[in-house]
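Q: Just dropping this structure here.
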Amino acid sequence: MLAYFPEIYPDELLYSVLGRLMCHSGILSNIHFLVDSFGNRRICVGFFLQTNLGQLAANTPPSRGLTAQRLALETTLLPYLTAYRSQEVRELALAYVTDKSGNRTGFHFRLGLTADNVVRLPSVLRYCATCRTEMLDRYGELYWRRDHQIPGVLVCAIHGTPLADSSVILAQTKSYEIIFADEDNCPADPAPPTWVNHLETVKMLQRIAKCSATLLASPPHARPLTAWREESHLALRSRGLGRGRAGIDQAALKDAFLAHFGPILDILPDAAPGKWLGRITYKQMPPLAPLRHILINLLIESLPQVKVSSPFGPGPWLCRNPLAEHHKQPVITDCEIHKLGGKIIGVFRCPCGYVFSSGLDPGRRPRVLDFGPLFDARLCELVAAGNNRIGTARALHVSPNTVQYHVALLGLETPWKARPVRAKLPKIDREAMRAAWTDGHAAAPDLTRLQLHREIPRVFRWLYKNDHAWLSAQPPVAITRNSNKPRFDWPVIDTAKAERLRQEATRLRAQTPPQQINRVSLDRALGHKRWLGSRLHKLPLCVIALAELTESVDEFRCRRIAWAAAELRKQEGPISVTRLRRFATLGPNCSPEVEAFLRKVASDL
């Protein structure tokens, strides 16, 4: 057992505490220190996460009152890394660092530390120059702060000072080596970054740092990934980024993200809006780094809420669940609009689980689609208390037949005779449909999945809807395109198309009578209808060529006037403004510039 354990400074990293403990104790050998602290010479020292905390807490003096859980939550980055995870994942992570239970690879995978688009942990230990001065004045020594090592944090959350890299490079540090912070590896005057004078950039980076530090100190309540996704999904739709009935406009979301975080994208590459920006609104959202959630939350806070017009009036709408505490209170924000037989139907979903539909006709009663969990719980209580069917129906504000139906669904034992519920079986035999698909493939093994689908469409549709897992595992194997391989070499296409645009513009300019050179005419000359308009974001050289070659309506009219004057000069007849206007086919509503040019050309003739 350790006879001494140093005081843990505010937000100090456990790696720093162990380094100061080793320095204060005068221990020179890292191996001997690990044996004294963890009882194991083969323990790996973690910079941001540490295992075997149970053994370390057992070896600390009892008067300190340190537990493995306290060390994990107050001196490591575990609370930050598991902030947006479920309770199951949090318990698994805590068990791993305290008792070393569970697989290490599986642990990192569950935390999202092995994903391709993960935000990597820092490669060096970092410090704040202002905090460095305060530490020396108050404690007489330096230490590594947790909030300075959070991924994506480039400035101090307290002072807004850019974080400096120490000379402790993690990749060059041995797994058993502990390096404490001192004045040598943390210089007093580090070189400032180039963006230190950009106030807007520093302000935005400090906001990210403050949110990250808050997430580390007090993470939110554990919820499954679907709950985080649903919260972000509804918030984005309320900011005018919705698409359709329940989707998200990915293009508008990306534009809003770039507009808000544009100043820091070159400084913080992990904030770039890659594939993760679209995945955060998927129904099956994959685990994402906490920095991604922080960026989305900051974006949502920066956007004003948009009031979406609805035929049922502005929300929120009243809850009609008589069993809920918020009955007849405006708490419903989810409303789906459907058109059925020329009538508009609204489906309202309350957070309590009560779902009902209603039409625009004020005299029409709403139709309950789902009574929710409160109904089932209350029904079980009333039946267990021995209430009869009529009394139960009155207490639940439903009909006796509805009570009878739900009692049969829940399988409750009642004083009255329960009505059996017939199970809904598929009208088509599952084995027969499977056999039809297998026989179809055996009869024509050379057909692809799409071709076989077209041969027996009825079988495919039924299996796809009712037996999708079995169908996905059956041959023929679906042909998938390699999405990582680019289909087109856009730089080569851009160069070729830009040269072709100049050639076609020269040809069009030589035509008689003159034809206006604009994007439509050039697109038509290339032989592709609307080809340029949908691909210009990939063709920068074509954009430059179009800006140089296309002409406005006034420019085209002036060029046509010059051509008409030349043609009239060849005819050697009298030339007037009226005849020149008619020959150039000019309308009566020309701009003053075109009118002045027309009169100038007529006077010269």
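The values are calculated or read from the model by the stated rules, or taken from the named source; none is laboratory data. Since this is a predicted model, take the numbers as computed values, not measurements. Neighbour counts run over all protein chains shown; Cβ positions are idealised from the backbone, glycine included.
Q: What do you reckon, is residue 376 within 26 Å of residue 411 (Cα to Cα), surrounded by fewer than 17 Cβ atoms within 10 Å (Cβ to Cβ), touching a residue at least 12 places away in the same chain (Cβ under 8 Å) and in contact with a helix residue (DSSP H, G or I) (Cβ under 9 Å, 6 or more places away or on another chain)?
A: yes
Q: Pairs only if they're at least six apart or on different chains, beta carbon under 7 angstrom, first in the stretch 393-415 and without any contact (Cβ under 8 Å) to a residue 12 or more places away in the chain, second among the polar types (S, T, N, Q) and assigned to a loop (DSSP other than H, G, I, E, B); list them, first residue then second.
A: That search, which allows pairs on different chains as well, returns 393/399.
Q: Out of the residues in the stretch 162-178 meeting the condition of being buried (at least 20 other Cβ atoms within 10 Å of the Cβ) and not in a strand (DSSP E or B), tell me which one is modelled with the highest pLDDT.
A: 163
Q: Among the candidates 265, 241, which residue alone is more than 30 Å from residue 376 (Cα to Cα) and either surrounded by 16 or more Cβ atoms within 10 Å (Cβ to Cβ) or within 15 Å of the chain's Cα centre (by Cα) (or both)?
A: Matching residue, one of 265, 241: 241.
Q: Let me ask something else about it. Restricting to the stretch 3-60, what's the tally of residues that are surrounded by 15 or more Cβ atoms within 10 Å (Cβ to Cβ), in a loop (DSSP other than H, G, I, E, B) and either basic (Lys, Arg) or touching a residue at least 40 places away in the same chain (Cβ under 8 Å) (or both)?
A: The qualifying residues number 14.
Q: Look at residue 230 and say whether it is of a type in the set (Asp, Glu) and within 22 Å of the chain's Cα centre (by Cα).
A: So residue 230 passes the test.
Q: Looking only at the stretch 299-334, which residues are modelled with pLDDT of 75 or more and of a type in the set (Val, Ile, Thr)?
A: 300, 331, 332, 333
Q: Tell me the residue from 191, 222, 181, 256 that is part of a loop (DSSP other than H, G, I, E, B) and over 30 Å from residue 50 (Cβ atoms), please.
A: Numbers: 222 fails: over 30 Å from residue 50 (Cβ atoms); 181 fails: over 30 Å from residue 50 (Cβ atoms); 256 fails: part of a loop (DSSP other than H, G, I, E, B).
Result of the check over 191, 222, 181, 256: 191.
Q: Are any of the residues in the stretch 212-219 closer than 29 Å to residue 87 by Cβ and in contact with a Gly (Cβ under 7 Å, 6 or more places away or on another chain)?
A: Scanning the stretch 212-219 turns up at least one residue that is closer than 29 Å to residue 87 by Cβ and in contact with a Gly (Cβ under 7 Å, 6 or more places away or on another chain).
Q: Can you find even one residue in the stretch 314-329 that is part of a helix (DSSP H, G or I) and crowded, with 19+ Cβ neighbours inside 10 Å? Break it down into steps so the answer makes sense when it comes.
A: Residues of the stretch 314-329 part of a helix (DSSP H, G or I): none.
Within the stretch 314-329 (the criterion being part of a helix (DSSP H, G or I) and crowded, with 19+ Cβ neighbours inside 10 Å), the answer is no, since none of the residues qualifies.
Q: Determine which member of the set 348, 356 is in a strand (DSSP E or B) and more than 25 Å from residue 236 (Cβ to Cβ).
A: After ruling out the rest, the residue left standing is 356.
Q: Let me ask something else about it. For residues that are modelled with pLDDT of 80 or more, out of contact with any helix residue (DSSP H, G or I) (no Cβ under 7 Å at 6 or more places or on another chain) and of a type outside the set (D, E, K, R), scanning just the stretch 514-545, find the one that is surrounded by the most Cβ atoms within 10 Å (Cβ to Cβ).
A: That would be 518.
Q: Considering (1) farther than 20 Å from residue 146 by Cα; (2) polar (S, T, N, Q); (3) part of a helix (DSSP H, G or I), say which one residue 69 fails and leave the rest.
A: Answer for residue 69: the failing condition is (1).
Q: What residue, of 229, 243, 237, is of a type in the set (Lys, Arg), touching a Phe, Trp or Tyr at 6+ places or on another chain (Cβ under 8 Å) and not assigned by TED's automatic domain parsing to the domain that holds residue 158? Spell out the reasoning first.
A: Numbers: 243 fails: touching a Phe, Trp or Tyr at 6+ places or on another chain (Cβ under 8 Å); 237 fails: touching a Phe, Trp or Tyr at 6+ places or on another chain (Cβ under 8 Å).
Testing whether each residue is of a type in the set (Lys, Arg), touching a Phe, Trp or Tyr at 6+ places or on another chain (Cβ under 8 Å) and not assigned by TED's automatic domain parsing to the domain that holds residue 158 leaves just 229.
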